[in-house]
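Contents: one structure, followed by commentary.
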Amino acid sequence: MKTIAAYIRRAEPGEPTLAAPEEQEREIRQYAITRYGDGKYKMELFRELTPFNRVDGRPALHRMLEWLGAHSVAAVLVHRASCLFRTMEDGVVVGDFLRSHGVELVSVVEGEIDLATVEKRLFGNVERLIEQHYAKREKKKR
């Protein structure tokens, strides 16, 4: 039986790309059933229900990272990569941690996030920068 973690984060005010926590959890659970099989995995949920902008201000993320360090975990599931990575720095820190522990990162919206090489991590960071840019533009329009 595979062990997986799921990280759910409430959107910050004006963050249009992130679904409500309940919807994230529903989609993550459905994805896990499709990918691993019903009843063939154990999932540990980590919910960040208060919006925080930076990694250092997210207690559920810190609990998840501690838990990952103490358990053999196949994957971390998120709704979008932006749930986990809010900045390029976050992407480097968290991505390196996951890679060093052999944990796969999967976004149910964006698919598997390849952390294997520096080039692929850099490309993922560029994608997140573009998403952040458009989210900020959208926020300014409101």
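Looking only at the stretch 75-102, count how many residues are over 8 Å from the mean Cα position of the chain (by Cα) and either under 13 Å from Phe46 (Cβ atoms) or among the β-branched types (Val, Ile, Thr) (or both). Please lay out each step first, then the result.
Going through the stretch 75-102, the residues over 8 Å from the mean Cα position of the chain (by Cα) turn out to be 75, 86-102.
Now drop any that are not either under 13 Å from Phe46 (Cβ atoms) or among the β-branched types (Val, Ile, Thr) (or both), which leaves 87, 92-94.
Going through the stretch 75-102 one residue at a time, the tally reaches 4.
Kindly provide the set of residues from the stretch 72-82 that are under 15 Å from Glu48 (Cβ atoms) and part of a loop (DSSP other than H, G, I, E, B), ordered by number. I'd like the intermediate steps shown before the answer.
Quick first cut of the stretch 72-82, residues under 15 Å from Glu48 (Cβ atoms) only: 76-82.
Of everything in the stretch 72-82, those that are under 15 Å from Glu48 (Cβ atoms) and part of a loop (DSSP other than H, G, I, E, B) turn out to be His79, Arg80.
So which residues in the stretch 20-43 are within 10 Å of Ile8 (Cβ to Cβ), surrounded by 15 or more Cβ atoms within 10 Å (Cβ to Cβ) and small (Gly, Ala, Ser), if there are any at all?
none
Which of (1) part of a strand (DSSP E or B); (2) on the phi > 0 side of the Ramachandran plot; (3) not β-branched (Val, Ile, Thr) is the odd one out, the single condition Gly39 does not satisfy?
(1)
For the stretch 8-17, indicate whether the set of residues that are closer than 30 Å to Arg137 by Cα, modelled with pLDDT under 85 and among the polar types (S, T, N, Q) is non-empty.
Yes: one or more hits.
So if I check each of Gly124, Gly91, Gly69, which one is surrounded by 15 or more Cβ atoms within 10 Å (Cβ to Cβ), part of a helix (DSSP H, G or I) and either acidic (Asp, Glu) or modelled with pLDDT of 65 or more (or both)? So that I can check it myself, show each step before the final result.
On the way: Gly124 fails: either acidic (Asp, Glu) or modelled with pLDDT of 65 or more (or both); Gly69 fails: surrounded by 15 or more Cβ atoms within 10 Å (Cβ to Cβ).
The match here is Gly91.
The values are calculated or read from the model by the stated rules, or taken from the named source; none is laboratory data. Bear in mind that the values here come from a model prediction, so they are computed numbers and not experimental data. Cβ atoms come from the backbone with ideal geometry, glycine included; neighbour counts cover every protein chain shown.
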